[in-house]
Amino acid sequence: MPTEFDLWTEIVLFENGIVFKRNNKEEKLYFSEINEIEPMLINSFFVNGKYFGYIFKFKDNSKIIVKSNDIEDLELFMEKLFDLFPKEMIREI
């Protein structure tokens, strides 16, 4: 299981990219580097699909996983992010 040091705890949206933050580490991602954003459901010990998250897949085959139980207002952040892209690029989930 990941430790609290492995979890992304903050995401900041800029006009040309995203900054993922955890502890004192930052990972910058420009929109041009995103290959895919994949939604996922996260189970707790007692409830299936209790949390949700997203996998940001990059063109270099690396990825960052963010989860709603670690990042406050993740759903609002994703809505703002999807608003930046043309509707043709966004598939309804």
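With respect to Ile42, is the statement that it is of a type outside the set (Lys, Arg) and within 10 Å of the chain's Cα centre (by Cα) true? Taking the combined requirement at face value, the residue does not satisfy it.
Of all residues in segment 19-47, those satisfying the criterion of being of a type in the set (Ser, Thr, Tyr) and closer than 20 Å to Lys80 by Cα are Tyr30, Ser32.
Sub-9 Å Cβ pairs linking a first residue in segment 61-86 that is farther than 19 Å from Arg22 by Cα to a second residue that is of a type outside the set (A, V, I, L, M, F, W, C), at least 6 apart or interchain, are Asn61/Asn35; Leu84/Glu15, ordered by first then second residue. Count of segment 19-48 residues, restricted to those that are exposed (fewer than 14 other Cβ atoms within 10 Å of the Cβ), of a type in the set (Val, Ile, Thr) and within 15 Å of Asn61 (Cα to Cα), is 0.
Looking only at residues of segment 47-61 that are more than 13 Å from the chain's Cα centre (by Cα) and modelled with pLDDT of 90 or more, we find that the one that is nearest to Leu7 (Cα to Cα) is Asn61.
With the condition kept exactly as written, say whether any residue in segment 49-58 is assigned to a loop (DSSP other than H, G, I, E, B), touching a Leu at 6+ places or on another chain (Cβ under 6 Å) and surrounded by 15 or more Cβ atoms within 10 Å (Cβ to Cβ). No; the residues of segment 49-58 include none that is assigned to a loop (DSSP other than H, G, I, E, B), touching a Leu at 6+ places or on another chain (Cβ under 6 Å) and surrounded by 15 or more Cβ atoms within 10 Å (Cβ to Cβ).
The values are calculated or read from the model by the stated rules, or taken from the named source; none is laboratory data. Quantities reported herein were computed from a predicted structural model and do not represent experimental measurements. Quick reminder, even Gly has a Cβ in these numbers, built from the backbone with ideal geometry, and neighbours come from all protein chains shown.
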